[in-house]
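The values are calculated or read from the model by the stated rules, or taken from the named source; none is laboratory data. Keep in mind the model is a prediction, meaning the values are calculated, not measured. Ideal geometry is used to build each Cβ from the backbone, glycine not excepted, and the neighbour counts take in all protein chains shown. Calculation scope for accessible area: heavy atoms of the full protein, side chains included, ligands and nucleic acids excluded. Shrake-Rupley method; radii C 1.70, N 1.55, O 1.52, S 1.80 Å.
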Amino acid sequence: MIIYGSKATHLKSAQSNTATCVSCGTKGSVSYSVFSKHAHIFWIPVFPIGRVGASQCGHCKHTVTNKEMTGDSVNDYKNLKNETKVPFWKFSGLFLIVMLVAFGVYASGENDKKNAEYISNPAAGDVYEYKLDGDYSTMKVSRVAGDSVYVFINEYVTNKKTGINEIDKPQNYVDFEVAYSKAEIQQKFIEKNIYDVNR
């Protein structure tokens, strides 16, 4: 279950020496506060979604939201809001997402390099994960002789890539070899029919 939503946190407050409370008429008792709203996932702030504010009288505790402010209060609040910067940690979730995406791209590139090396130099025991007509299965290299790669074919298929682990079992492979040339294996990899190699 993904827990997400929004939350407001206090950024800054300032006391006004000139503002008069609209409720009790006390002068110099009004303070203004700015709050930052941010979206969060699992309570980790992802990005800010705006700033809100309020004023409160220290004498009678009467509170006015920034949307309800009038007259000089509007200017006092705007001045405080302009002075208030959104802290960097409000973007921490977004930073984590960017880092995860960057790591995923890097890891994918490294995996592609590894696969290309394994395809160029096949070895007994390599397991090729391949796609055929919308289904997924595996074949295991039994031996390499000259330009030929001999494999055992998995008798089972799955309609999802994630199902490969469930069918990649020793008892699921046929007991006779099928021969491919190294060039054929290479072409299957180039065409993405073979998409992963486990060694």
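A search for C-beta distances below 6 Å between a residue of segment 177-198 that is under 15 Å from Phe152 (Cα atoms) and any residue that is aliphatic (A, V, I, L, M) and open to solvent by less than 60 Å² (accessible area, probe 1.4 Å), counting only pairs 6+ apart in sequence or on different chains, returns Val178/Val151; Val178/Ile153; Tyr180/Val149; Ile185/Val149; Asn198/Val127.
Quick one: in segment 47-83, of everything that is in a loop (DSSP other than H, G, I, E, B) and among the charged types (D, E, K, R), which residue is surrounded by the fewest Cβ atoms within 10 Å (Cβ to Cβ)?
Within segment 47-83, the subset in a loop (DSSP other than H, G, I, E, B) is 58-62, 66-71.
So of that shortlist, the ones also among the charged types (D, E, K, R) come out as 61, 67-68.
On the way: Lys61: 11, Lys67: 9, Glu68: 12.
Filtering first and then ranking leaves Lys67.
Could you list, in sequence order, the residues of segment 112-154 that are touching a residue at least 24 places away in the same chain (Cβ under 8 Å), open to solvent by 50 Å² or more (accessible area, probe 1.4 Å), part of a helix (DSSP H, G or I) and farther than 18 Å from Ser181 by Cβ? The one that is touching a residue at least 24 places away in the same chain (Cβ under 8 Å), open to solvent by 50 Å² or more (accessible area, probe 1.4 Å), part of a helix (DSSP H, G or I) and farther than 18 Å from Ser181 by Cβ: Lys114. In this structure, does Tyr173 turn out to be out of contact with any His (no Cβ under 9 Å at 6 or more places or on another chain) and loosely packed, with under 15 Cβ neighbours inside 10 Å? No: the conditions fail for Tyr173. Residue under question is Ser92, and the condition is that it be among the hydroxyl-bearing types (Ser, Thr, Tyr), within 30 Å of Lys12 (Cα to Cα), out of contact with any Ser or Thr (no Cβ under 8 Å at 6 or more places or on another chain) and open to solvent by 30 Å² or more (accessible area, probe 1.4 Å); does it hold? Yes, satisfied. Taken over segment 84-111, residues that are within 23 Å of Phe47 (Cβ to Cβ) and either in a loop (DSSP other than H, G, I, E, B) or at pLDDT 90 or above (or both) amount to 12.
Per-residue answers, yes or no, for (1) within 30 Å of Phe95 (Cα to Cα); (2) in contact with a strand residue (DSSP E or B) (Cβ under 9 Å, 6 or more places away or on another chain):
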site: Thr26; (1), (2): no, yes
site: Lys37; (1), (2): yes, yes
site: Ile44; (1), (2): yes, no
site: Gln56; (1), (2): no, yes
